[in-house]
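*Asks:* My questions all concern the structure below.
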Amino acid sequence: MLRRNLPDPVFLEDKHMIECVNTSKTYKSGGEETKALDNVSFKINEGEFVAIMGPSGSGKSTLMHILGCLDIPTSGTYSLDGHDVSKLSEDELAEIRLGKIGFVFQAFNLLPRTTVLRNVMLPLVYSGVPKEERERRAKEALSAVGFPEDRYYHYSNQISGGQIQRVAIARALVNNPSIILADEPTGNLDTKTGEIVLGTFQKLNKEGRTIILITHEPNVAEHAARVIHIRDGNIIEDRRLKQRIISEI
């Protein structure tokens with residue numbers, strides 16, 4: 001993959017890792033317009049653990065796609081590390097998605113007939129990392145999320161749901177991103193396993209990662225240090241809270 005240097009960022013007066021200013025997203029279908037996001041504005045600093053919470057249809061998934069550089073606003077701006085994302089090329093956006101943002105999805109998205117280790121190594125293949133280095137970094141990422149070493153060579157359809165999600169988190173970590181963007185990461189898990197996964201995110205946050213958690217569940221959101229509540233495309237609440245800390249992972 002061709003690696004291109006991003007242009008020098010134009011920093012705002014106060015530097016934030018993420019900044020949305022009057023960010024809106026409108027979809028057109030059959031001559032009608034639907035505003036999924038309506039002039040939302042907020043900032044996220046490096047090292048924060050933020051939950052974006054809202055019911056189905058609230059606009060949180062649209063916001064997640066914008067924050068993950070999978071889509072761009074119809075109006076307003078989204079800046080990532082001082083870069084206006086809408087002004088970046090497709091190659092530059094792909095570079096950000098590959099190297100700066102680690103994605104964790106509810107559906108896991110692992111390859112079922114591939115070993116745990118090879119699933120985690122996959123982003124490094126796309127990055128052109130040599131094989132020995134890929135294996136070393138994949139093992140480091142699996143160790144970081146507490147995945148048992150004796151199961152590195154199991155296939156992903158031979159391990160439990162909680163272990164699958166840890167593999168998905170390790171895969172998100174393997175390129176050493178500064179942001180982890182997790183979309184309903186406990187949605188397919190039982191309560192106990194979900195707590196383990198949320199504890200993993202807390203551990204990664206303590207190590208300096210910026211965590212953005214998308215959820216519709218208040219009891220999941222309370223594991224973050226800040227909740228941005230979205231409804232009908234608008235932010236109705238942005239508050240800091242006392243985290244529900246999981247002491248043992």
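*Asks:* In Å, what Rg and Dmax follow from the Cα atoms of region 198-239?
*Replies:* 11.3, 34
*Asks:* Considering only the other residues whose Cβ falls under 11 Å of the Cβ of Leu37, what net charge follows from Lys and Arg at +1 and Asp and Glu at -1?
*Replies:* 0
*Asks:* If I build a Gaussian network model for the chain, linking alpha-carbon pairs within less than 10 angstrom, which residue out of Glu32, Glu140, Glu184 has the largest mean-square fluctuation?
*Replies:* Glu32
*Asks:* I've got another one for you. For region 177-249, what mean projected area does the convex hull of the alpha carbons give, in nm²? Show your work: numbers first, answer last.
*Replies:* Working: hull surface 21.1 nm².
If you wrap the Cα atoms of region 177-249 in a convex hull and average its projections, you get 5.3 nm².
*Asks:* Also, I was wondering about something else. For Gly194, what charge total do you get from the other residues with a beta carbon under 13 Å from its beta carbon, if Lys and Arg give +1 and Asp and Glu give -1? List each step's numbers first, then the result.
*Replies:* Values: positive: Arg166, Lys192, Arg244; negative: Glu184, Asp190, Glu195, Glu217, Glu222.
So the surrounding residues net to -2.
*Asks:* Right, next: Evaluate 2.2 N^0.38 Å with N set to the residue count of the chain, then give the Cα radius of gyration divided by it. Walk me through the intermediate numbers first.
*Replies:* Numbers: Rg = 18.1 Å, N = 249, 2.2 N^0.38 = 17.9 Å.
Relative to the 2.2 N^0.38 Å estimate, the chain comes out at 1.01.
*Asks:* With a cut-off of at most 14 other beta carbons within 10 Å, and DSSP calling the residue loop, which GluC sites (Glu not before Pro) in region 175-249 qualify? Please list them. Intermediate values should be presented prior to the final figure.
*Replies:* Numbers: sites: Glu195, Glu207, Glu222, Glu237, Glu248; in loops: Glu207, Glu222, Glu248.
Answer in residue order: Glu207, Glu248.
*Asks:* Using a Gaussian network model on the chain with a 10 Å cutoff between Cα atoms, which of Gly30, Gly47, Gly128 fluctuates the most?
*Replies:* Gly30
*Asks:* Loop only by DSSP, 15 or fewer other Cβ within 10 Å of the Cβ. Give me the trypsin sites (Lys or Arg not before Pro) in region 33-131 that pass, ordered by residue number. Mind dumping the intermediate values first?
*Replies:* On the way: sites: Lys35, Lys43, Lys60, Lys87, Arg97, Lys100, Arg113, Arg118, Lys131; in loops: Lys100, Arg113.
Sites meeting the loop and neighbour criteria: Arg113.
*Asks:* Mean separation of Cα pairs under 8 Å and 6+ residues apart, divided by the residue count of region 14-88: what relative contact order is that in percent?
*Replies:* Computed over region 14-88, the figure is 40 percent.
Any read-out appearing in this document is the output of simple, stated calculations on the displayed coordinates, not a laboratory observation. All values derive from a computational prediction rather than experimental measurement. Virtual Cβ from ideal backbone geometry, glycine too; neighbours counted across all protein chains shown.
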